[in-house]
Amino acid sequence: MDCPLKNADAAELIIEYSAGKLDSNTAGEFKHHLESCADCRALAAHQQAVWSALDELPPVAVSPDFDAKLYERITDEEQEAWWKRALHVEWSWRPALPIAAASAALFAAFLLKNPFQIPAPQSESQPKPQIEQVVHALDDMDMLKQVGVEVVPEKAGS
Ligand SMILES: [Zn+2]
């Protein structure tokens, strides 16, 4: 085995070796390497010192009624969840936020493409353009109707 200190994953290898999590082949190779490499031997010794110090930490005492309290809380949470399901109050804003952001982006894009047309004030002294516009629109509608008749056949009776 090449010295793992020459690779970036040396720390991971030494930690896993000290924790006994390496597969037997790799652990054997590394153990063999330790016999010839003082640097790795020192690192592995330090890591094993950390592990044994962790092992010596006293376990945290658990209160005698821990189980009873835990099951009580689980029951409470389940009943609360049932209430929320029944009242449909579990709704959250969180899933709506991306949709709102997407809607805002679409609206902004729409505004960029179609800026608001501020309607010009139409005074009584300009009736002629309006009539011309109506006639023009009627002509357009006739044209569209002709095209529509060609494309979409009229329903019988209409
Ligand atoms: Zn080494």
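Only residues that are open to solvent by 40 Å² or more (accessible area, probe 1.4 Å) and in contact (Cβ under 8 Å) with a residue 24 or more places away in the chain were counted in the range 18-34, giving 2. Under the condition of being of a type in the set (Phe, Trp, Tyr) and more than 13 Å from the ligand (Cβ to nearest atom), the residues counted in the range 30-68 number 2.
Does the range 9-29 include one or more residues that are within 13 Å of the ligand (Cβ to nearest atom), outside any helix (DSSP H, G or I) and either on the phi > 0 side of the Ramachandran plot or at pLDDT 90 or above (or both)? Among the residues of the range 9-29, not one is within 13 Å of the ligand (Cβ to nearest atom), outside any helix (DSSP H, G or I) and either on the phi > 0 side of the Ramachandran plot or at pLDDT 90 or above (or both), which makes the answer no.
The values are calculated or read from the model by the stated rules, or taken from the named source; none is laboratory data. Because the structure is a prediction, the values reported are computed rather than measured. Every residue, glycine as well, gets a Cβ built from its backbone with ideal geometry; the counts of neighbours run over all protein chains shown. What goes into the accessible areas is simple: the full protein's heavy atoms, side chains included, and nothing from ligands, DNA or RNA. Shrake-Rupley method; radii C 1.70, N 1.55, O 1.52, S 1.80 Å.
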